[in-house]
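Quick notes on the structure that follows.
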Amino acid sequence: MARSSSQLTGGEGLPGGPFARAGERLGERGALALFLVPALAVIAVAQFYPLVESIIITTHDWTLARSPVMGRFVGLDNYARALTDPQFVGSTGFTLLLAVGSTVISLAFGLGLALLTVGEGFHFRLSRTLLMLPMVIAPVAVGTMWRMILAARVGPLNQALAGIGIDGPNWLGDPNWAAASVIIVDAWQWTPFVTIVMAAALASLPADVLRAAEVDGAGRWTIFRRIVFPMILPVFLLVAMFRAIDALMTLDIIFTTTGGGPGFATQTLSFWIYQQGLRYFNISYAAAASWILLAGCLVVAAGFLVWRSRISGWQRERGA
């Protein structure tokens, strides 16, 4: 008796039936894995291997000024030495101050500028484009430019203040003014990042909800506080996380403006690690400090992600 075409194809009426489709899926996965192999190999060589090697280096005593080869095994001594080093502790304090100050300023001004420039008109698009200029300038160029602007004697800022009868401070020579100057410069460069992201978040809000609030008689501040900000809060927290982590790793601006001075007043952890590793050649010590900084950044990122997850869950429950 002749078999029907459905019997010959596995009962599905398709060539090969379920076994053929399973083979096709397996073949697609195999092809996908094959295409991923080169990228994974590059990542393994360029990232994973250096990370593993750096961990090994932190457990040895290695100073290039003394020996070109790795020294004796010291375990966690480099970590303990870094955590008890007064300069490391001082650099940590200023790094946290810079991260908090710069993040708060850039978030406040960035959100405000986003509210002012959100829209599809030509002048709105032009404003957002112009606001991006500080962000696209190289940090080294930003630091060099601001070092000249803030120069105590010949800087244009102090000259402008002198023109109206104000004796300008020594912006980069006084410890307090230098710290404030570095925070402002870092916030000035990265406020456009906050503005662009928050403007995109504001543009994605449902217009009917905002119109309904206006019809009900809600004012602009009430609409922002009760509707707009809660809806953009998850994006706001992500932007805050990126800004905080970026500020924790600040190096270029410190290097080109104050050099960590006056004294050690504006020395960040990244700048201190740079000095230990590339100026004093304490390779294992700098590697241990780098891992401490990485651990701190991971803790900050985890905190923001947990906070964002709880906010999103609360919003979903409230919406349900």
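The values are calculated or read from the model by the stated rules, or taken from the named source; none is laboratory data. Predicted, not measured: the structure shown is a model, and the values here were computed from it. Cβ atoms come from the backbone with ideal geometry, glycine included; neighbour counts cover every protein chain shown. The area values use the complete protein model at the heavy-atom level, side chains included, leaving out ligands, DNA and RNA. Shrake-Rupley method; radii C 1.70, N 1.55, O 1.52, S 1.80 Å.
Values as computed for the structure displayed
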quantity	calculated
Answer label for Cα Rg over 2.2 N^0.38 Å (calculated), chosen among (i) 1.00; (ii) 1.40; (iii) 1.20	(ii)
Shape of segment 213-320, Cα gyration tensor, a/c cut at 1.5	oblate
Per-peptide average of other Cβ atoms within 10 Å, ordering 157-164, 271-278 highest first	271-278, 157-164
Cβ-based net charge around ILE311, under 14 Å, with every Lys or Arg adding one and every Asp or Glu removing one	+3
Relative contact order of the chain, defined on C-alpha pairs under 8 angstrom at six or more residues apart (%)	24 percent
Solvent-accessible ranking of TYR280, TYR285, TYR79, largest area first, probe 1.4 Å	TYR280, TYR79, TYR285
The chain - percent of accessible surface contributed by carbon and sulfur, probe 1.4 Å	69 percent
Computed helical MRE - 222 nm, the chain, DSSP H runs ≥ 4 contributing -39500 (n - 2.57), nearest 500	-22500 deg cm²/dmol
Cα convex hull of segment 121-268, projected area averaged across orientations, nm²	11.7 nm²
Ranked order, ARG226, ARG147 - accessible area, probe 1.4 Å, largest first	ARG226, ARG147
Inter-label distance for ALA152 and ASP174, nm, one decimal - labels placed 7 Å from Cα along Cα-to-Cβ	1.0 nm
Förster radius 30 Å - calculated FRET efficiency between VAL104 and LEU40, Cβ distance, rounded to 0.05	0.15
Packing rank of 127-135, 194-202, 93-101, where each peptide gets the mean count of other beta carbons within 10 Å, highest leading	194-202, 93-101, 127-135
Label-to-label distance, nm, for residues given as ARG29 and GLU53 (7 Å Cα→Cβ offset)	3.5 nm
Segment 215-270 versus segment 62-139: alpha-carbon centroid distance in Å	10 Å
Solvent-accessible heavy-atom area per residue, rounded to whole Å², over segment 174-266 at 1.4 Å	46 Å²
Order by protection proxy (mean Cβ within 10 Å, highest first), peptides 296-304, 205-213	296-304, 205-213
